[in-house]
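Each remark here refers to the structure printed beneath this line.
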Amino acid sequence: MKKSILLFFTALSLLFSISITTAYAQTTHYEADKTHWVWVSADSKYGKLYAPDRVTVTSRKNGVPVRIEAWIKTTYSATGAAETVPAMKLSKEIPVASTLRYSLALVEINPQSRTLDYLEEIFYDANGKVLVSHKYDKPRIKEITSQAFDENFYDAIIDHVFDQGETKRAKASDRWITLWRHVGPSLTASASADTTTIRKRGNDVFVWTWEETRKNTGGVIADIKFCKKVFNLKNYTYKTISYSHWTTKDRWKNENSSLNGNYIAIVPDSREDSEFRAIENYVKANPDWAARYQI
């Protein structure tokens, strides 16, 4: 449910597999003997690939990679193209969305902050003709969460450089850990933490959490809070640094303007106390994972 609420990329159909294979075959003559693309993932709208030979560590600190450049490739079904062209504001350059068959992008990854920045993007038709290209003066920065379209790219490239199991953890059945659960007369509320996002920096632990409220009758979701939190293990405090809220009436709203960025003391036996204890226990049990890629 966590993925399906925000993303629409979960159904891989045989028909699309055929169309993606065809699109890839149509472009092979353009890239033959030049770039080796490795398949990452696909669904009914998009296929995702990256070029292992074009992954480059451009900056290190204390011997640890802090900047990684890579080329990625996205292939589009007709539905994926129809969704992408207006979303990327490319309707003027690509008036017939179905002519978009694939794109290449130069990206820069910062593993310490879990960000993927788009530096350059090139959009092609089925014959390898450039439809439009963009070099960004200010990179399009994406933080990688469970809801990010770019998560598969990030995981594959980071695993290529570090080989510490990002892809495996993202697909693990225990990716999400329960923080707390409360059953009321008509509603049940619960919160969980995404272990792929857990990062320990000094005494601070960064993590994305998913809190949802469901009606006991029918299990219909009434409310979701998707937050990036920081727990200070030394001072027993926390703060929320990113917050999106979903309701049946308003759908998704960015609530970052409501945050002040200040640490808050955790009240004993509160929900935040349960969150703190669960996160602390996970970090203690998985110290290498929590501290991965740190400098």
Yes or no: ALA285 over 18 Å from the mean Cα position of the chain (by Cα) and surrounded by 12 or more Cβ atoms within 10 Å (Cβ to Cβ)? no
Filter result (among the basic types (Lys, Arg) and out of contact with any strand residue (DSSP E or B) (no Cβ under 6 Å at 6 or more places or on another chain)) within the range 270-295: ARG277, LYS284, ARG292
Which residue out of SER258, SER242 is at pLDDT 95 or above and of a type outside the set (Asp, Glu)? SER242
Looking at LYS253, LYS234, LYS225, which is the one that is more than 21 Å from ASP174 (Cβ to Cβ) and buried (at least 17 other Cβ atoms within 10 Å of the Cβ)? LYS225
Can you go through SER190, SER186 and tell me which one is touching an Asp or Glu at 6+ places or on another chain (Cβ under 7 Å), among the polar types (S, T, N, Q) and without any contact (Cβ under 8 Å) to a residue 60 or more places away in the chain? SER190
LYS168: in a strand (DSSP E or B), at pLDDT 95 or above and either touching a helix residue (DSSP H, G or I) at 6+ places or on another chain (Cβ under 9 Å) or among the hydroxyl-bearing types (Ser, Thr, Tyr) (or both), yes or no? no
Name the single residue that is farthest from ILE279 (Cα to Cα) among those in the range 199-219 being touching a residue at least 24 places away in the same chain (Cβ under 8 Å) and in a loop (DSSP other than H, G, I, E, B). THR217
Give me the strands (runs of 3 or more DSSP E) completely within the range 45-149, filtered to those with at least 3 residues that are touching an Asp or Glu at 6+ places or on another chain (Cβ under 6 Å) and under 30 Å from ILE295 (Cα atoms), ordered by residue number. 102-110, 115-124, 130-143
Suppose we keep only residues that are more than 17 Å from LYS234 (Cβ to Cβ) and of a type in the set (A, V, I, L, M, F, W, C) within the range 259-278. Which one would you say is surrounded by the fewest Cβ atoms within 10 Å (Cβ to Cβ)? VAL267
Do you know which residues across the range 252-295 are in contact (Cβ under 8 Å) with a residue 40 or more places away in the chain, closer than 19 Å to ALA189 by Cβ and either outside any helix (DSSP H, G or I) or acidic (Asp, Glu) (or both)? TRP252, GLU275
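The values are calculated or read from the model by the stated rules, or taken from the named source; none is laboratory data. Here the structure is a predicted model, which is why all the values come from computation and not from measurement. Don't worry about glycine lacking a Cβ; one is built from the backbone with ideal geometry, like all the others, and counts go over all protein chains shown.
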